[in-house]
Each structure stands twice: as C-alpha cells, then as structure tokens.
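Below is one structure; the comments refer to it alone.
Each value in this text was obtained by applying a stated rule to the coordinates, not by laboratory testing. Please read these numbers as outputs of a predicted model, since none were measured by experiment. Counting neighbours? That spans all protein chains shown, and the Cβs are built from the backbone with ideal geometry, glycine included.
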Amino acid sequence: MHMQMMSSFRVPWGTLISYVPVIATIVTTFFSIILARATLRYVEATDKGLALAREEFEREWSPDLHIKMERVSPTEARIIVTNLAKTSVLLQLLQLRKLSHAVPFERCRLNDPLVGGMTWTQEMGRRILACTGQEFEGPIAVSATFYASGRMFRTDWFRSQIQVREGRLVSLEPSNMPTRRVRQVERKGPERRREFVQDVTAGVLPEKTKAKPEESFLVTGA
C-alpha cells in the first residue's frame, strides 16, 4: 500500500527539468531586485556627496567683496574694497548714492584687477561731496560691479553715516553690513563683453612671395 502511494507521487524527470529555468528566473529576479535597490542607495549617496562637494566648492570660491568708506581729512575720503574670497576679480564700476535717491548719483568706471585676499583703495572725496552736497547728514551707500570667473556680479549697498558741513567732511562711519553680499547680474540680451586680449595677427594674411623669374645659367664645356 505504501509503495503504491509513493509511486503515485512520483514526478517525471522531464517535468522537473522543465521547472529548472523557471526557478532560475525567479532566483535571478530576486537578486536583480536586491542589486537594483543597492544601486539606488549608492546613487543617492553619490548625489548627496556631489551636492556637498559642490556647496563646499561654491562657498570656498564664490566671490565676496567688502566695501568701506573712510574719512581721511575734512576734504578727502577713500573707498576701500577688500576681496575676502580666494578667486580674483576685475572691478568694473563703483556707484554712490544717498538712500533717499533710488538712482545712483555718482558712477566711477574702473578696470582694475583685485587678487583674492588683497585690498583696493581709491581717493573719492570729491565724488562723495558731489553726491552729498554742501550740507548733508544721513546715510550714504556704495556698491561695486565686477567680473569673476567669466560672470558679472554686483555687491549689495554698503552703508555709512556721513555728516557734511559747509562742504567739509565732519564724520564718516560705517553703519551696517548688507544682508546679501554679492549677487550675479543677469543679462537679458546677448553678452557683448569685449575681449581684453586680441590676436593682432589673426586678420593679417601672409604676403605672397613674389615669384622671381628663373635665372638661366650658361654652362660651357672646356
């Protein structure tokens, strides 16, 4: 009886062999899902690492300028621009204005490089007095526009408290720091930046050497 039951549950070898590809497919699918999840975790970790590296790079190499106005004498004052970042910049424009005016009153065009960690100084007493007038007491602001890494940036307005009496500087003290140091200047149209270095020989064609008439030689034999 027992042998009969065993014989009734026997599975032909052909059927078992036909199940092998199915089982292999299931196992392969299972391991593929595990590998896919591991790959996704690795990609997420890599993206986070790249984001942190990019943030650190931008924080380290992003331009950062500090501007200060300083009284030198009753008729003279200087503007001090300090490059706090590592990257070098090219100063293009300085703007002065009273906070009561929305439009800058004085503009000073520049073309001066400023290496990282260095300071640029310029005497601007006349421009400051031209901006304030003979009698003025209140805040005055200065901003700088510059090139860095092929892009144009502009600092926020650095404010100072100034007191002018009869065309003479009585006091000039920095009042506060701007909340946003530097922002990139967006260009709506095509960029028209002039190249500072040009190849002067690029448009000059090499002169063609004039063909000389062939000289004939008379060879005489002895």
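Where in segment 135-159 does the amide nitrogen come within less than 20 Å of the point 7 Å from the Cα of LEU99, taken along Cα to Cβ?
Within reach of a label on LEU99, which here means backbone N under 20 Å from a point 7 Å along Cα→Cβ, segment 135-159 contributes 135-144, 155-159.
Which FRET efficiency, nearest 0.05, do GLU70 and TYR42 yield, Cβ-Cβ r, R0 41 Å?
Numbers: r = 55 Å, r/R0 = 1.33.
Working from the Cβ atoms, E equals 0.15.
When a footprinting reagent is the concern and you count Cβ atoms within 10 Å, what order do LEU65, LEU129 take, fewest first?
LEU129, LEU65
Please arrange HIS101, HIS66 by counting, for each residue, the other beta carbons lying within 10 Å of its beta carbon, fewest first.
If I rank by nearby Cβ atoms, fewest first, I get HIS101, HIS66.
So how do 166-174, 73-81 stack up, highest first, on mean other-Cβ count within 10 Å?
73-81, 166-174
Taking other Cβ within 10 Å of each residue's Cβ, how do TYR19, TYR147 sort, fewest first? Write down the numbers at each step before the final one.
Working: TYR19 10, TYR147 19.
If I rank by nearby Cβ atoms, fewest first, I get TYR19, TYR147.
By the scheme Lys and Arg +1, Asp and Glu -1, what is the net charge of all other residues having a beta-carbon under 14 Å from that of GLU55? Kindly include the intermediate steps, with their values, before the conclusion.
Numbers: positive: LYS48, ARG54, ARG59; negative: ASP47, GLU56, GLU58, GLU60.
Result for the local shell: -1.
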